[in-house]
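Engineer: First the structure, then my questions, so here it is.
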Amino acid sequence: MKAEIIAVGTEILLGQINNTNTTFLAEELAGLGMEVYYQSVVGDNPKRLEEVLSLADQRSDLIVLCGGLGPTEDDLTKQVTAKHVKEELVFDEKGYQNLLTFFEKRERTMTENNRLQALVFKDGESLQNSTGLAVGIFHQSENGPSYLLLPGPPNELKPMFFNEAIPLLKHHFQQDEQLISRVLRFYGIGESELVTKLADLIKQQTNPTLASYAKPSEVTLRLTVNTLDEVEGKQKLDYLEKEILTRVGDFFYGYGENNSLANVVVDLLKENQQTVSAAESLTAGGFQALLGSIPDASSVYPGGFVTYSEETKVQFLGIDATLLKKYGTVSKECAEAMALQAQQLAGSDFGLSFTGVAGPDSLEGKKAGTVWIAIATKHHVESYLYHFTRDRNYVRNSAVMAGLDLLRRKLIK
């Protein structure tokens with residue numbers, strides 16, 4: 001089956017937002033056995049959108065459009081596509097009730113243009129929006145291609161695709177063969193080094209296949225097998241995974257496209273019934289904010305400290321001022337004192353600290369990118385020196401990731 005993705009939005013053409021939806025959809029459709037042959041971006045212009053739809057009709061079996069389902073004048077995807085496939089637009093009752101409930105709860109008056117978000121094709125299938133208001137649409141022609149219309153915001157598109165579109169696509173496009181995918185996640189190794197260590201597996205791959213994807217501060221491998229038998233397919237993936245982990249298993253931390261190092265750390269803390277607190281300087285609370293973004297993190301994270309200046313390290317954490325004068329804030333001694341105090345003051349099992357130079361300028365004679373991270377328990381403390389490069393935010397994010405991985409390694413021991 002040939003699939004095509006059309007991202008609609010002038011803001012994408014102008015580079016005002018990144019087109020992450022197309023990347024997401026291409027990967028997920030491939031996992032369903034639907035190969036994406038074409039991708040395009042078109043602005044909020046009815047004439048140009050019609051031209052793109054006419055071209056897609058001639059070459060694709062499934063056309064996926066994302067964006068342009070909202071209530072504003074430039075949200076024309078639904079209207080243009082309906083005219084293109086000669087479909088009447090009608091109100092979806094469930095979607096309309098969702099709109100009414102939304103505005104009633106907020107005690108706001110619903111304007112007329114908001115009603116547009118509940119319009120669907122009369123002979124199409126509705127896809128409900130669990131995180132927004134715009135209803136999605138699936139339309140299957142007798143002789144032409146099928147159309148899938150999804151909202152533009154990723155926080156609406158992804159849940160709709162997983163919860164509504166995938167079951168619908170599997171129902172309408174049943175195939176004897178199936179693609180089974182498995183995503184392996186790695187931290188602490190770059191993509192170039194990873195593919196070098198797996199070069200022979202990549203070169204010789206047939207079925208299953210593996211492909212690497214560079215993510216911010218980490219790398220993922222997608223293993224995919226085409227099979228008629230699910231059990232046999234999973235066995236092939238197991239064999240390939242075992243061979244991969246024999247070579248680069250030290251950097252492997254978990255599975256799943258939507259997983260993260262923070263998720264894994266929180267899960268390990270829960271399993272071990274342990275807690276962590278932190279004292280942060282250059283990361284300015286970034287580590288703790290990331291922990292707090294994980295559901296139920298409060299069960300393993302009681303709280304912590306952000307001590308950006310020398311004075312707050314003394315006042316908030318009770319670190320001896322003479323130690324800071326002697327060794328400086330960008331030092332092993334400062335990092336270890338911060339970690340110990342965070343652990344003791346919060347009464348947690350682990351205390352983690354971050355101190356260093358985010359840049360762009362040097363500090364205390366230390367160049368930008370110099371970072372000390374320490375980890376403390378009730379009986380022991382140890383510290384690690386890192387040298388990160390690139391810009392200020394990259395240094396800070398890299399420090400947070402390094403701290404998470406350090407804690408993960410302690411937990412799996």
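Engineer: So how do 336-348, 197-209 stack up, highest first, on mean other-Cβ count within 10 Å?
Structural biologist: Working: 336-348: 22.4, 197-209: 12.7.
Top of the packing list down: 336-348, 197-209.
Engineer: Now for a different question. Cα-Cα over 29 Å: which of 197/367; 94/215; 242/413? Walk me through the numbers before you get to the answer.
Structural biologist: On the way: 197/367 32 Å; 94/215 38 Å; 242/413 21 Å.
From 197/367; 94/215; 242/413, over 29 Å: 197/367; 94/215.
Engineer: Please state, rounded to one decimal and in Å, the Kirkwood hydrodynamic radius that the range 1-126 gives when every pair of distinct Cα atoms enters the mean of 1/r. Before the final figure, lay out the partial values.
Structural biologist: Working: mean 1/r = 0.0631 Å⁻¹.
For the range 1-126, inverting the mean 1/r across all distinct Cα pairs yields 15.9 Å.
Engineer: Same structure again: Just to confirm the number: angle between the C-alpha axis of helix 332-346 and the first principal axis of the chain, 0 to 90 degrees, nearest 10?
Structural biologist: 70 degrees
Engineer: Given the -39500 (n - 2.57) contribution per DSSP H run of 4+ residues, what per-residue ellipticity at 222 nm results for the chain, rounded to the nearest 500 deg cm²/dmol?
Structural biologist: Numbers: 16 runs with 165 residues, N = 413.
When only DSSP H runs of four or more count, the value is -12000 deg cm²/dmol.
Engineer: Within 10 Å of each candidate Cβ there may be at most 11 other Cβ atoms; applying that plus a DSSP loop requirement, which GluC sites (Glu not before Pro) in the range 146-221 survive?
Structural biologist: Passing both the DSSP loop test and the Cβ count: 177.
Engineer: Next up: Please give the charge dipole size of the range 263-411, origin at the Cα centre, charges +1 on K and R Cβ atoms and -1 on D and E Cβ atoms. Round to the nearest 20 debye. Before the final figure, lay out the partial values.
Structural biologist: On the way: 14 positive and 15 negative charges, 56 e Å.
Computed charge dipole of the range 263-411: roughly 260 debye.
Engineer: Would you mind working out the magnitude of the charge dipole of the range 284-363 relative to its Cα centre, with +1 at each Lys and Arg C-beta and -1 at each Asp and Glu C-beta, to the nearest 20 Debye? Don't jump to the answer; show the numbers that get you there.
Structural biologist: Values: 4 positive and 8 negative charges, 25 e Å.
Using Cβ point charges on Lys, Arg, Asp and Glu, the range 284-363 gives about 120 debye.
Engineer: While we're on this one: Where the only charges are on Cβ atoms (+1 Lys, Arg; -1 Asp, Glu), what is the dipole of the range 73-131 about its Cα centre, to the nearest 20 debye? Provide the component values of the computation, followed by the final result.
Structural biologist: On the way: 9 positive and 12 negative charges, 19 e Å.
So the magnitude is around 100 debye.
Engineer: Give the residue from 113, 338, 258 lying farthest towards the positive end of the charge dipole for the chain; charges sit on Cβ (+1 for Lys and Arg, -1 for Asp and Glu) and the dipole is referred to the Cα centre.
Structural biologist: The residue sitting farthest along the positive end of the dipole is 338.
Engineer: Please turn the phi angles of the range 215-220 into ³J(HN,Hα) values with the Karplus equation 6.51 cos²θ - 1.76 cosθ + 1.60 (θ = phi - 60°), one per residue in order, whole Hz, x for glycine and proline.
Structural biologist: 10, x, 6, 7, 9, 10
Engineer: How large are Rg and Dmax for the range 261-413 when calculated on the C-alpha trace, in angstrom?
Structural biologist: 14.3, 42
Engineer: In the chain, carbon and sulfur make up what percent of the accessible area (probe 1.4 Å)? Don't jump to the answer; show the numbers that get you there.
Structural biologist: Working: 10010 of 20330 Å².
Carbon and sulfur: 49 percent of the exposed surface of the chain.
Engineer: If each Cα of the range 111-233 is one equal point scatterer, what is log10 of I(q)/I(0) from the Debye formula at q = 0.11, 0.16, 0.17, 0.18 Å⁻¹?
Structural biologist: With one equal scatterer per Cα and no solvent, log10 I(q)/I(0) is -0.61, -0.96, -0.99, -1.03.
Engineer: Would you mind listing how long the range 168-215 runs along its three principal axes, going by Cα atoms, in whole Å with the largest first?
Structural biologist: 41, 24, 11
Engineer: Farthest toward the dipole's positive end in the chain, which of 377, 237, 95, given Cβ charges of +1 (Lys, Arg) and -1 (Asp, Glu) about the Cα centre?
Structural biologist: With unit charges placed on the Cβ atoms, the residue in question is 377.
Engineer: Taking square-rooted eigenvalues a ≥ b ≥ c of the alpha carbon gyration tensor, is the chain rounded, prolate or oblate, where a/c under 1.5 means rounded and, failing that, a/b exceeding b/c means prolate?
Structural biologist: Values: a/c = 2.40, a/b = 1.69, b/c = 1.42.
Prolate.
Engineer: While we're on this one: Please report, in cubic angstrom per residue, the volume enclosed by the convex hull of the alpha-carbon atoms of the range 172-292. Each step should come with its number before you reach the end.
Structural biologist: Working: hull volume 19.2 nm³, N = 121.
Hull volume normalised by residue count: 159 Å³.
The values are calculated or read from the model by the stated rules, or taken from the named source; none is laboratory data. Since we're looking at a predicted model, the values are computed, not measured. Methodologically, a virtual Cβ is constructed for each residue, glycine included, from the backbone with ideal geometry; neighbour enumeration extends over all protein chains shown. The area values use the complete protein model at the heavy-atom level, side chains included, leaving out ligands, DNA and RNA. Shrake-Rupley method; radii C 1.70, N 1.55, O 1.52, S 1.80 Å.
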